[in-house]
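Novice: Here's a structure for you.
The values are calculated or read from the model by the stated rules, or taken from the named source; none is laboratory data. None of the values given here were measured: they were computed from a predicted structure. Cβ: placed from backbone, ideal geometry, glycine included. Neighbour counts: every protein chain shown.
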Amino acid sequence: MVEDEPVLARLLERILGGSDYSVTVVGTAAGALAAIRAVDPELIILDLILPDGRGEDVLAEVMRFRPSSRILVLSSMTQIETRVGVLEGGAVDFLAKPFDNAELLARVSTRIRTPVSTQASIARATRYLRSAGIEIDVLQRELVVDNRRIPLTQREFVLLSLLLQRAPEPCTRAELLERVWGTKFDTGTNVIDVCVRRLRWKLSNDKIETVRNVGYRISA
């Protein structure tokens, strides 16, 4: 287990030890690589923010010298680009902080039981976000329509991803302003509507539905 925050590391060790797992705890990127080479663990739980480096670099190095390793990323960096990036990089799972103890134990148990080849297939599947007939290649930030790939701007990508993740429930205008444009205040501009119009044009359908006095949603 690679976790540099001492209190959380002790908690995780207690949770896993209570389920009869033998746990080795390290708090640095360098320590992680040394321990993994020495121990060859059944599962690696990896934080992404470490005092001497990036968890992503640890992941890449482990995949280089021991590609059969099972790595579960446990991180507060929950942006979809981060999640997809580590899964594409070889991790078998991603769990966000804060986490539920029961879910952590369930994921650990599942990942240890599942063959590595199967887990790789699951990770690759997370590259695509699909809902209501709409498909996004999250890694490339492209819309896939009738086998055509259509580039999305950063804001188009984030807005459409939010709508797909929330479907069929709507996203409010206030939420979209905060999550896509980084503001909590309505500036009185129509930036959301302009972005939605561009997405509707790229989608070539009416899947983005206006919810009066609320915002937008993906229709079924």
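Novice: Name every residue in segment 57-74 that is surrounded by fewer than 18 Cβ atoms within 10 Å (Cβ to Cβ) and either of a type outside the set (S, T, N, Q) or under 14 Å from the mean Cα position of the chain (by Cα) (or both), in order of residue number.
Specialist: Start the filter on segment 57-74 by keeping residues that are surrounded by fewer than 18 Cβ atoms within 10 Å (Cβ to Cβ), which leaves 57, 60-61, 63-68.
Hits for segment 57-74 are ASP57, ALA60, GLU61, MET63, ARG64, PHE65, ARG66, PRO67.
Novice: Going by what's in this entry, would GLU13 be described as among the acidic types (Asp, Glu) and in contact (Cβ under 8 Å) with a residue 40 or more places away in the chain? Explain how you work it out, then say what you get.
Specialist: Values: among the acidic types (Asp, Glu): yes; in contact (Cβ under 8 Å) with a residue 40 or more places away in the chain: no.
Criteria not met by GLU13.
Novice: So, one more: Here is a list: MET77, MET1. Which entry is within 19 Å of LEU87 (Cα to Cα), outside the structural domain of ASP100 (by TED's automatic domain parsing) and within 24 Å of the chain's Cα centre (by Cα)? Walk me through it before giving the result.
Specialist: On the way: MET77 fails: outside the structural domain of ASP100 (by TED's automatic domain parsing).
When all the criteria are applied, what remains is MET1.
Novice: Can I ask one more? Please give the helices (runs of 4 or more DSSP H) falling wholly within segment 1-120 in which 1 or more residues are aromatic (Phe, Trp, Tyr).
Specialist: Counting at least 1 such residues, we get 55-65.
Novice: Another question, then. Would you check if GLU169 is closer than 19 Å to ILE80 by Cβ, in contact with a strand residue (DSSP E or B) (Cβ under 9 Å, 6 or more places away or on another chain) and charged (D, E, K, R)?
Specialist: Working: closer than 19 Å to ILE80 by Cβ: yes; in contact with a strand residue (DSSP E or B) (Cβ under 9 Å, 6 or more places away or on another chain): yes; charged (D, E, K, R): yes.
Taking the combined requirement at face value, the residue satisfies it.
Novice: Now, a different point. Name the pairs: first residue in segment 40-65 and closer than 17 Å to ARG111 by Cβ and modelled with pLDDT of 90 or more, second residue part of a helix (DSSP H, G or I) and charged (D, E, K, R), Cβ to Cβ under 6 Å, at least 6 apart or on different chains?
Specialist: The qualifying pairs are LEU43/ARG111.
Novice: Quick check, is GLN154 at pLDDT below 85 and surrounded by fewer than 17 Cβ atoms within 10 Å (Cβ to Cβ)?
Specialist: Details: at pLDDT below 85: yes; surrounded by fewer than 17 Cβ atoms within 10 Å (Cβ to Cβ): yes.
Considered against the rule, which asks whether it is at pLDDT below 85 and surrounded by fewer than 17 Cβ atoms within 10 Å (Cβ to Cβ), GLN154 comes out as yes.
Novice: Could I ask something else about it? Of (1) at pLDDT 90 or above; (2) surrounded by 15 or more Cβ atoms within 10 Å (Cβ to Cβ), TRP201 satisfies all except one. Which?
Specialist: TRP201 satisfies all of (1) at pLDDT 90 or above; (2) surrounded by 15 or more Cβ atoms within 10 Å (Cβ to Cβ) except (2).
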